[in-house]
Amino acid sequence: MFEIFLTALIVENVILTKFLGICSFLGTSNKEKNALGMGISVTVVVLISTILTYLINKYILIPTSSTYLQTITFILVIACFVQIIELIIKKYFKNLYDSLGIYLPLITTNCAVFGIILTNIKMDYDLITAIVNSLGSCLGFILVIYIFSLLREKIENNDILKSFKGIPISLITAGIMALIFERLI
Amino acid sequence: MRKIYDFLFKENPVFVLVLGLCSVLAVTTTFEKSYTMGIVVLIILVLSNTIVSLIRKFVNTEIRIPVYIIIISTLVTIIEILLNKYSKPLYDAFGIYLPLIVVNCIILGRALSFASKNKVLPSIKDAFKSGIGYLVAISLFGLFREVLGSGKITIMNDISILTGYRFIIDVFNNEVLPNKLFLSSGGAFILLGLLIGVINAFNGGDE
């Protein structure tokens, strides 16, 4: 169990080795605060949709042998769930909405959420293992996006070639991070 | 010539707008997987733009994202079933990145920003423009990555069940190259960063 957690956290990091959530990684990691906000929103959505999709898959899709509907069902669950969360937070937690609100619509199309859920289903994890894997992956997401936002503030001030400014140098930095992460364990 | 260059490199959805990077980085370990992924995305993009444009008058703006996502995921599911039946090795090689086409930003982006506001024919044209840009970008990147990483160009291997023969070119094999680094995830990031940087330099130099 702990092994799965560590693997998901570092060795098979969602961003650096599975390439999931690159858009939000490059888009929101320019500020420390945005990076954490995005990371936390993703974690909440992933954890709850892991449980929902697991139950739907086990008790509806498999008994009716309609597993080919997985893609459609899961993306709908995520999309609806994100909408519900947005409404709840907007109504009851005004402060939280002001700081996280802008990220919520982006989460539906964040490949990390869908990717983690698909991995759980493809690997046939049971509920507890799936939750552990999701938690590890999400913490890995937060870890990388946070470290990267710190690095990026430093990089922006350095003297680099004009054509490499912005995305290219970010990708190269991410590459070096990926090489380090692969060798950590 | 000039127009083709501008179309391929100055308006490219991957190199310039940096959309849909997940699949570009993930499946490009061989040239074959890269261009087949490009073709699959092109087909889905054209079909989804057509459908979205046809129903644009019946869908109001509040529910359009869920509706478009259902359309796209239906198309992806059809492709998944077909690939699973007719080309199992390719289906296995894509893994989770095949269903992940649903959340490819290029497809939803074109549906929202173009097809939902325009007539059918311009939408199809727009889909071909973005799709071919994506196809060229992913194939080019896959070509670089496979040549540098394993010293070969796989043109037909996984899809050999469909076409009937295999076709792999050996490029070079010495002590420096091929280097496994380029097949690993870190190498993919670095190579894509370099490629985008070089393309930026060329685009900037033209002005």
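The values are calculated or read from the model by the stated rules, or taken from the named source; none is laboratory data. All of these numbers come straight from a predicted model, not from anything done at the bench. Positions of Cβ are backbone-derived with ideal geometry, glycine not excepted, and every protein chain shown enters the neighbour counts. Please note that ligands, DNA and RNA were not included when accessible areas were found on the heavy atoms of the full protein model with its side chains. Shrake-Rupley method; radii C 1.70, N 1.55, O 1.52, S 1.80 Å.
Points worth noting:
- Spatial separation of Cα centroids for the range A:1-80 and the range B:83-101, in angstrom: 20 Å
- About its Cα centre, the protein assembly as shown has a charge dipole of approximately 980 debye under the convention of +1 per Lys or Arg Cβ and -1 per Asp or Glu Cβ, with nothing else charged.
- Chymotrypsin sites (Phe, Trp or Tyr not before Pro) restricted to DSSP loop in the range B:1-71 with at most 14 other C-beta within 10 Å: B:PHE58
- Percent carbon-and-sulfur accessible area, chain B, ignoring ligands, DNA and RNA, probe 1.4 Å: 67 percent
- When only alpha carbons are used to place a centre, the range A:136-155 and the range B:122-151 end up 29 Å from one another.
- Residues A:GLU153, B:GLU62 ordered from highest to lowest accessible area at a 1.4 Å probe: B:GLU62, A:GLU153.
- Positions from the range B:87-105 whose accessible area shrinks by 30 Å² or more when the full protein complex is built, not the chain alone, probe 1.4 Å: B:ILE96, B:TYR97, B:PRO99, B:LEU100, B:VAL103, B:CYS105
- Computed over chain B with a Gaussian network model linking Cα atoms closer than 10 Å, the most mobile of B:PRO13, B:PRO66, B:PRO99 is B:PRO66.
- Prolate/oblate/rounded call for the range B:105-207, Cα gyration tensor, a/c under 1.5 rounded: oblate
- Summed residue charge, Cβ within 13 Å of A:LEU104's Cβ, Lys/Arg positive, Asp/Glu negative: -1
- Shape class for the protein assembly as shown, computed from the alpha carbon gyration tensor (a ≥ b ≥ c): rounded, with a/c under 1.5.
- Across the protein chains, with a 1.4 Å probe defining accessible surface, the residues A:ASP126, B:ASP6 rank A:ASP126, B:ASP6 from largest area downward.
- Neighbour net charge for B:LEU25 - beta-carbon separation under 11 angstrom, K R +1, D E -1: +2
- Where the range B:1-111 is the region considered: accessible area per residue in Å², 1.4 Å probe: 42 Å²
- Environment charge at B:LYS125 (Cβ cut-off 12 Å; Lys +1, Arg +1, Asp -1, Glu -1): +2
- Helix B:31-54 axis, angle to chain B major axis (alpha carbon atoms, nearest 10°): 10 degrees
- Three-way shape label, the range B:1-151, alpha-carbon gyration tensor, a/c 1.5: oblate
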